[in-house]
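In what follows, a structure is listed as C-alpha cells, so that the remarks can point back to it.
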Amino acid sequence: MKKDWLFLLLNIAISTISISLTLILLHSEERLLSPSNLLTLLLPSLAFFVLCLGLVKIFKSQTSGAWILFSCSIFIFSIPCIQAVFINLSFNNNQSVEYKDNTIIFSEDGNTSIYTAVQMKWLLWNHKGEIEQVKVTGPGGNTTAANYIKSKLKEAGIKNTIAYGNQCNSSCTVIWTAGKNRTIVNNLRLGFHKSCIDDYCDRKNYLYEGFLNEYLLNIIINPEFDNVCPLNKKDISILEGNDTNEKTSLVNDIRDTCKKGIPSKKVKGFKGYNY
C-alpha cells in the first residue's frame, strides 16, 4: 500500500512538472517560468491531484485503480502538448546556432524558436568561459525564445553582440540588445515591430531592456505583423546620444514612417530618414 502511494505521488509530480513546462514554452508570451504562468498552468494538474486523492480514498486498497484513471487523464491532457512540441521541433523552419572561434553564430535562414533556445543553452554550457561575442541575424521568430536567449547571454556575461547578414528583424533585434557593446555590420538595417500572435499585436518594451528609453521604444516598436521600423547604425547612434536638433528631426521622421512601418521585404530598398 505504501509503495502504491509513493508510486502514485511520484508520477503525479513528474507529469505535473512536464506538462506545465511544455505549455509554458509553447504558449507563454511573457517571461519564461513567471509565477503567474506557473500558477495558471499548474491548476489543471493540481485538480487531477485532488481527484486522485479522492479516488484513493474511495478505492481504499485498490490504489492501482486510481493510478490507472489518473494516467489516462494525464495522457489525454498531454496529447496536444506532445503533438505541438513534435511539430515545433521537427517541421518548423527553425534557426540554428553554432560555435566557432569564441563566437556563437546564428544561421541566416530559419526562425528563432524553442529549438534555437535549446541549442543556445547547450552551447553556453559546453563552451562556458570561452564565448566572447554573438553574431545575430534572421527574419525573426518567437519573441519568448528570443527573450530567453537574451537573458541567458546576459547571465553568461557576454557583452558583445553583432548584427550581420541580409536582415535582422523582430526577435533578432531582441537578442542583439543583450550586449552592452552592440555593433551592426555594414549598412544593415534592423527591423523593429510589435509582437504578434494570430490577429493580436502587443508592444512589449521589456524585451528591449537596456536599449533606449520608453519614449523612443514606443515610437519604434509600433508597426505590426510583417511591417517593421528600420534603423541603421547611424540612426541608433543618434537615438542613443544626447538631445540635439538632429535627434529631434530624426525622431519626428521615425514617428511618421513607423506609424505603420514598411514591409520587411522592402527594408533593403529603404532610402533612409531625412535628418
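The values are calculated or read from the model by the stated rules, or taken from the named source; none is laboratory data. Predicted model, so just to flag it, every value in this text is computed and none were measured. As a convention, Cβ positions derive from the backbone with ideal geometry for all residues, glycine included, and neighbour counts pool all protein chains shown.
Give, as residue ranges, the strands (runs of 3 or more DSSP E) completely inside the stretch 112-199 that count at least 1 residues that are touching a residue at least 40 places away in the same chain (Cβ under 8 Å) and over 27 Å from Lys260 (Cβ atoms).
Numbers: elements: 133-138, 160-169, 181-184, 190-192, 195-197.
The strands (runs of 3 or more DSSP E) meeting that bar are 133-138, 181-184.
Which one of these does Asn274 not meet: (1) out of contact with any helix residue (DSSP H, G or I) (no Cβ under 7 Å at 6 or more places or on another chain); (2) in a loop (DSSP other than H, G, I, E, B); (3) on the phi < 0 side of the Ramachandran plot?
(1)
Out of Lys150, Lys154, Lys159, report the one residue that is crowded, with 20+ Cβ neighbours inside 10 Å and either touching a Phe, Trp or Tyr at 6+ places or on another chain (Cβ under 8 Å) or closer than 23 Å to Asn205 by Cα (or both). Before the answer, list the steps.
On the way: Lys154 fails: crowded, with 20+ Cβ neighbours inside 10 Å; Lys159 fails: crowded, with 20+ Cβ neighbours inside 10 Å.
Only one candidate passes the filter, namely Lys150.
Are any of the residues in the stretch 202-216 assigned to a loop (DSSP other than H, G, I, E, B), surrounded by fewer than 12 Cβ atoms within 10 Å (Cβ to Cβ), free of Cβ contacts under 8 Å to residues at least 12 places away in the same chain and assigned by TED's automatic domain parsing to the domain that holds Val185?
Step one: filter the stretch 202-216 for residues assigned to a loop (DSSP other than H, G, I, E, B), giving 203-204, 209-213.
After this cut, where a residue has to be surrounded by fewer than 12 Cβ atoms within 10 Å (Cβ to Cβ) as well, the list is 210, 213.
So of that shortlist, the ones also free of Cβ contacts under 8 Å to residues at least 12 places away in the same chain come out as 213.
Subsequent filtering for residues that are assigned by TED's automatic domain parsing to the domain that holds Val185 retains 213.
Yes, the stretch 202-216 has at least one match.
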